[in-house]
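Trainee: Quick one: the structure is below, and I'll ask about it shortly.
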Amino acid sequence: MVLRKALIKDIPVMHIIRISVKENPLPDPGLITQDDYKEFLTMRGRGWVCESDNKVTGFAIVDLKEKNVWALFVMPGFEGKGIGKRLHDKMLDWYFSKTTETIWLGTAPSTRAEVFYRKAGWSQTGIRPNGEIRFEMEKAQWLRKTIIDVKSGI
């Protein structure tokens, strides 16, 4: 398993992953365009991909402008292998190296993603107008979680 910075050439496979997920699916795959991915990767933030056996199996993108997680998705069939956690941790380490601003994300309730974010130390701060749970993470929370994980050998 290799994590690396996402490149423009990765956009087609990232979109395939995005539209193939069973939880938090896009209601219309056309809602997100290749230009959207390009903007987030080159102007608004940064992205990472995870490769397993030279195949992209997950990706994460963080948005510095809106201070949120724009995407964190793992290819169906590759869940539960630590890909999401590694992408998540890399993304938050990078984000908090660039800013001290609180980061937020939204995810559907009663999903594995909700459980994942709670376990990762995110705090629920409300419900978004679209019904998603709004989670936030402060830099101090992230640093405490990272120290606890290191001490626990996680």
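The values are calculated or read from the model by the stated rules, or taken from the named source; none is laboratory data. Everything numeric here is computed off the predicted structure, so don't read it as measured data. Here the Cβ positions follow ideal geometry from the backbone for every residue, glycine too, while neighbour counts run over all protein chains shown. Side chains included, ligands, DNA and RNA excluded: accessible areas come from the protein's heavy atoms. Shrake-Rupley method; radii C 1.70, N 1.55, O 1.52, S 1.80 Å.
Trainee: Against the definition (outside any helix (DSSP H, G or I), within 27 Å of Leu143 (Cα to Cα) and either in contact (Cβ under 8 Å) with a residue 24 or more places away in the chain or open to solvent by less than 40 Å² (accessible area, probe 1.4 Å) (or both)), how does Glu79 come out, yes or no?
Mentor: Taking the combined requirement at face value, the residue satisfies it.
Trainee: Scan region 113-142 and report the pairs whose first residue is under 19 Å from Asp89 (Cα atoms) and of a type in the set (Ser, Thr, Tyr) and whose second residue is open to solvent by 20 Å² or more (accessible area, probe 1.4 Å) and assigned to a strand (DSSP E or B), with Cβ atoms within less than 7 Å and a gap of 6+ or a chain change.
Mentor: Ser123/Glu136
Trainee: For the condition touching a Cys at 6+ places or on another chain (Cβ under 8 Å) and open to solvent by 60 Å² or more (accessible area, probe 1.4 Å), what is the one hit in Arg112, Arg86?
Mentor: Answer to the selection: Arg86.
Trainee: Given Thr33, Thr57, which one is polar (S, T, N, Q), surrounded by 15 or more Cβ atoms within 10 Å (Cβ to Cβ) and more than 20 Å from Glu132 (Cβ to Cβ)?
Mentor: The conditions single out Thr57.
Trainee: Now for a different question. Assigned to a helix (DSSP H, G or I), open to solvent by 30 Å² or more (accessible area, probe 1.4 Å) and either at pLDDT below 95 or among the β-branched types (Val, Ile, Thr) (or both): which single residue out of Ile11, Ile16 fits that description?
Mentor: After ruling out the rest, the residue left standing is Ile16.
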